[in-house]
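See below for the structure under consideration.
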Amino acid sequence: MQALRSGMTVYYASLAHLIADLKRAAQQGKLERRWRVYTRPDVLIIDEVGYMQLDRASAELLFRVICSRYEKGSIILTSNKYFSDWGELMNDTVIATAILDRLLHHAHIINIRGESYRLKDRLKGGVRVVPPADIPVLDSPAQGKAIIKNPAIRDRRLGQFSTGDSVKNSPALTYI
C-alpha cells in the first residue's frame, strides 16, 4: 500500500492469470504489446506461485518476465513452496535455478510460519489443522515467506528477515 501512496505504479496478478494472459497474447500475435503490462509498472506482484505446476512454455514465460524486470523493477511474489521444490514446480531445475538466482539477488526475504489466519475461526470452533510432519507448529498467526525485490534499495544491503530458518529450507510467501 505504501508503494501506491508514494505514487508508484503497481500491477497484481496470480501466476495462473499471468501465464494464461501471456499465452493468449502469444496466440493472438500480441505478446510483445501485452508484455509491457508486466514490465512497465514500478512494482509487479505475482501471487500464488506454487499452486500450479508449470509446463516448459509457462516456465519460460515466467523466466522472461523475471529477466525483463531484473534490476529494473520490483517484484513481490507469494509462494507456499520451498525454494528447493521450485525445480519440480517449473518442471526444469535449470529454469528454476535461473529464476531463483534473479529473484533472490538483492531480495529481502521474510519468513512467516505458523497457522493460517484464514483458519482462525475454524480453530476457535474446535477444528484443528495438522501441519505436514516436516513443518513444526509455531505460535505465529501466519505462514510463508516474503520476497521483496527492490533494486532501488539494493545498495543498502538490508539483509534477510526470517524466523531463523534457512532460505533453502523454508516455504515462500510474499506480501506488501
I want to confirm something. Restricting to the range 60-86 and keeping residues that are more than 14 Å from the chain's Cα centre (by Cα) and of a type in the set (A, V, I, L, M, F, W, C), which single residue is surrounded by the fewest Cβ atoms within 10 Å (Cβ to Cβ)? Cys67
Verdict on Gly73 being small (Gly, Ala, Ser) and modelled with pLDDT under 95: yes
Restricting the search to the range 36-53, which residues are free of Cβ contacts under 8 Å to residues at least 40 places away in the same chain, surrounded by 14 or more Cβ atoms within 10 Å (Cβ to Cβ) and within 22 Å of Gly7 (Cα to Cα)? Val37, Tyr38, Thr39, Pro41, Asp42, Leu44, Ile46, Asp47
Checked pairs for the range 78-102, first farther than 17 Å from Leu61 by Cβ, second acidic (Asp, Glu), C-beta under 7 Å and 6 or more apart or across chains, list as Thr78/Asp47; Thr78/Glu48
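The values are calculated or read from the model by the stated rules, or taken from the named source; none is laboratory data. Fair warning: this is a prediction, and the values are worked out from it, not measured in the lab. Note that we place each Cβ from the backbone using ideal geometry, even for glycine, and neighbour counts take in every protein chain shown.
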